Structures are given as structure tokens and as C-alpha cells.
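Below is one structure, written out as C-alpha cells; the observations come after it.
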Amino acid sequence: MMAISVAHQNRGVGARLKWAQRQRAMSEGINLIAWTWDPMQARNAHFNLNRLGVVVRSMAANFYGTDYASAGGDVGLDSDRLFADWHLNSTRTKMLAGGEDARFLSPPATTIEIPSDWLALVNFDAAARGASSSGSRCVRRSVRRRTRLCRL
């Protein structure tokens, strides 16, 4: 897991760390790095997909279980995860490593719509529900279906 303190975000620190990780892995003969991330985190999605060039081939619903403590506190969220495959020697990764624009060499197979500020939505929902965990699960299910299924 990698995280950058808020005071140092938006300064390229995370990108420098990931590109250094790529160099180290390749020097050790490793050509693929894989990890998971929360599909509702727009910043992570942008960084992983557009800055690093990872490929997502699968998703697991509630991978770590419910009541997983989120960055915003323990509000009873399901822990859906996307599985990132970072092919270190792919054409796209090499282009991005060289500073070239390589957002999509081919169109994505599918897209998902996510809120721009998931944590604010979760916190709003938890506050409206008196911090009950069922409200936050409702928000996540609603976003998956692109409709609001629950009342606040």
C-alpha cells in the first residue's frame, strides 16, 4: 500500500514513487505489478489508469467484507475493489513513463461512472442516517446502479 500525506499531495511524489517502483521491479526481472483499489476513489482511478496506465480486468464486490474502516471513519462500507494489472513493459506504460500522452491507445472495453467526491457523499449519507452503516451501503449500491434506492 502506498499513501502520500495530504501536505505532500499534488506535488508528483506518488508518481515518482510508482515510477521508481517500476524501475526497481524491472531491474529484478519483474514485468507485472498488481494491486487493488476502491473503485469509488476518483483520484486513485485517475492516477492508476491515466498516469500509470494500469489495466483493470476484474472487480470484486465486498472484497474485504462490510464494516471495513474507510478513510472517512468506520461507517460500514462494503469494500468493493478493482484489480489493477500494471504491465511494466507495455507500450502504453512506456509512453506514460516517457511523459507522452497515452490515455487510451484503444478504447476501453467498458466504463463506470463514479462520483467526483465519494468521501463527501459517504459522510453526508452517514450524517443523514445518524451514522448507521445501512445508509452507507445503500449509497454504494445506489451508485453501482446509477440510481438512488434509499431515502435519507
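Would you mind finding the one in 22, 57, 11 that is modelled with pLDDT of 85 or more, out of contact with any strand residue (DSSP E or B) (no Cβ under 7 Å at 6 or more places or on another chain) and on the phi < 0 side of the Ramachandran plot?
Values: 57 fails: out of contact with any strand residue (DSSP E or B) (no Cβ under 7 Å at 6 or more places or on another chain); 11 fails: modelled with pLDDT of 85 or more.
Step by step, each of 22, 57, 11 is checked, and only 22 is modelled with pLDDT of 85 or more, out of contact with any strand residue (DSSP E or B) (no Cβ under 7 Å at 6 or more places or on another chain) and on the phi < 0 side of the Ramachandran plot.
Here are 62, 44: which of them is within 30 Å of residue 123 (Cα to Cα), in a loop (DSSP other than H, G, I, E, B) and either modelled with pLDDT of 85 or more or among the β-branched types (Val, Ile, Thr) (or both)? Full working, then the answer.
Details: 44 fails: in a loop (DSSP other than H, G, I, E, B).
That would be 62, the only listed residue that is within 30 Å of residue 123 (Cα to Cα), in a loop (DSSP other than H, G, I, E, B) and either modelled with pLDDT of 85 or more or among the β-branched types (Val, Ile, Thr) (or both).
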Original post:
Is there any pair with a first residue in segment 85-111 that is over 18 Å from residue 47 (Cβ atoms) and a second that is of a type in the set (Gly, Ala, Ser) whose Cβ atoms are under 8 Å apart and which are 6 or more apart or on different chains, and what are they?
Top reply: 91/102
Subject >> Single match in 120, 69 (criterion: within 27 Å of residue 5 (Cα to Cα), surrounded by fewer than 16 Cβ atoms within 10 Å (Cβ to Cβ), aliphatic (A, V, I, L, M) and modelled with pLDDT of 75 or more) >> reply: 120
Original post:
In this structure, is residue 22 more than 14 Å from the chain's Cα centre (by Cα), surrounded by 15 or more Cβ atoms within 10 Å (Cβ to Cβ) and of a type outside the set (A, V, I, L, M)?
Top reply: yes
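The values are calculated or read from the model by the stated rules, or taken from the named source; none is laboratory data. Predicted, not measured: the structure shown is a model, and the values here were computed from it. Please note: Cβ atoms are built from the backbone with ideal geometry, for glycine as well, and neighbour counts cover all protein chains shown.
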